[in-house]
Amino acid sequence: MEKEGKSDADNRSTITVNVKFSGRSIPVEISDESTVKHLKSLLQPLTNVLSRGQKLIFKGKVLVDEMTLKSSEVGNGAKIMLMASQGLHQGDGPIRKEASNFPTSRRMPEAMRPKRDVPQVPVVKSQLERWKATGVVALSECNLKVLPDEVLTCGPSARVLDISHNTIQHLPTAINSLSSLQKLILNGNEIMDNSLSWEELASLKSLMVISLNQNHIATLPPEVGTLTSLRQLHIAHNELTGLPSEIGLLTSLEVLKVNNNRIRSIPESIGGCVSLIEVDLSSNLLVELPETISKLKDLKALYLRYNGLKSLPSSIFKQCCQLSTLDLHGTEITIDVICQIEGWENFDERRRSKHQKQLDFRVSSSGKFDEGADQS
């Protein structure tokens, strides 16, 4: 005798809905028994708009999170409009039309870009003498395509090398001749993954600051863990999708700024960076943080805005006893969530105390935590 009725699985069917957003149509395959909330979660990585910042409209009506697509009469081939709330996004912002290989938000402003038809500024003798006397080699915005040989003749005299906002693609291996170099500033060049010899940089035992903002770096190699003297690492506005586990070997690192990249996860080894005081992970694609970030006992400032985070490590307030600045603007984390985390009261007291001492502090008149930044 044939069984009557069908199982739940038999009643489900996979449908394709087309979501209209900012001039493009996004096809999404999904079960018709899925909720609207689940559809929003699928759209988040495709649009960079956080789930709570999405309003889905079908046939003139706003779809309700708890309802299934089937009960909302959304069928195969349905066209749904997505409206995004301002400020509720991850990464560099909502993905509008097909993005270029290098988003404009990560490029340096037009006025700061080197003019490619302008000849390279020559190095004169007086300049070389000044570099050796002061230890500061300043060649920012000089239309350089390569590092001038004269720089390398400074040898151990050079302490700071600033060649930012040029079109340099590679550093010579002879960079290790600048044996006393403490700061290397390469912002706004054409640096890519294979442009740097990290082994040679590791031989610079006095190197404390590396700044590589506004370049084209997609991957940090394991060799970055050999730069044990490093105090500050700035790689904002690049194309990073992650950090190597060897980052945890940088036990002297105090400042880590990797905001405005495409980072999806932070390695557990971050807990090894025991000297970290300030960490900026803003405008990435993070949905969670490792519990080991709570091991950063000296951490004072943590910037997390514009990520897809829904919660924080459970022991972050209890173990990060110096933390007083926390930026959560544009994440899924609400005040109700963080108030339940152990140690919240002590963190809130530190936060209030810090800003009470500042004349120009940025908190509301009520002094309540607003899920966002109390920036210094």
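Stretched out straight at 0.36 nm per residue, the stretch from Lys70 to Asp298 would grow longer than its current Cα-Cα span by 77.0 nm. Average 1/r across all pairs of distinct alpha carbons in region 193-351, invert it, and you get the Kirkwood radius: 15.9 Å. A Förster radius of 45 Å, combined with the Cβ-Cβ distance separating Lys354 from Arg264, puts the computed FRET efficiency at roughly 0.90.
Residue pairs exceeding 18 angstrom between C-alpha atoms, taken from Lys40/Lys257; Lys59/Lys79; Lys40/Lys70; Lys132/Lys183: Lys40/Lys257.
Under the shape rule built on the C-alpha gyration tensor, where the axes satisfy a ≥ b ≥ c, region 147-228 is oblate, since a/c reaches at least 1.5 while a/b does not exceed b/c. Taking a point 7 Å from the Cα of Lys20 along the Cα-to-Cβ direction, the residues of region 35-69 with backbone N closer than 19 Å to it are 40, 43, 47, 54-64. Near Thr173: Cβ cut-off under 15 Å, other residues only, Lys/Arg at +1 and Asp/Glu at -1. The net charge is -4. Eigenvalues of the alpha-carbon gyration tensor of region 21-64, scaled by 5 and square-rooted, set the equivalent ellipsoid semi-axes at 15, 13, 12 angstrom, largest first.
Atom-type composition of the exposed protein surface of region 211-363 places 47 percent of the accessible area on carbon and sulfur (1.4 angstrom probe).
Charge dipole (Cα centre; +1 on Lys/Arg Cβ, -1 on Asp/Glu Cβ; no other charges) of region 256-317 amounts to roughly 140 debye. With a cut-off of 12 Å between beta carbons, the residues surrounding Ser206 carry a summed charge of +4, where Lys and Arg count +1 and Asp and Glu -1. Neighbours of Gly75, meaning other residues whose beta-carbon lies under 12 angstrom from its beta-carbon, give a summed charge of +1 when Lys and Arg score +1 and Asp and Glu score -1.
Compared with the alpha-carbon gap, the fully stretched path from Thr134 to Met83 is longer by 12.8 nm at 0.36 nm per residue.
The values are calculated or read from the model by the stated rules, or taken from the named source; none is laboratory data. All figures in this text were calculated on a predicted structure; none of them were measured in a lab. Methodologically, a virtual Cβ is constructed for each residue, glycine included, from the backbone with ideal geometry; neighbour enumeration extends over all protein chains shown. In case anyone asks, the SASA skips ligands and DNA or RNA and just uses the protein heavy atoms, side chains included. Shrake-Rupley method; radii C 1.70, N 1.55, O 1.52, S 1.80 Å.
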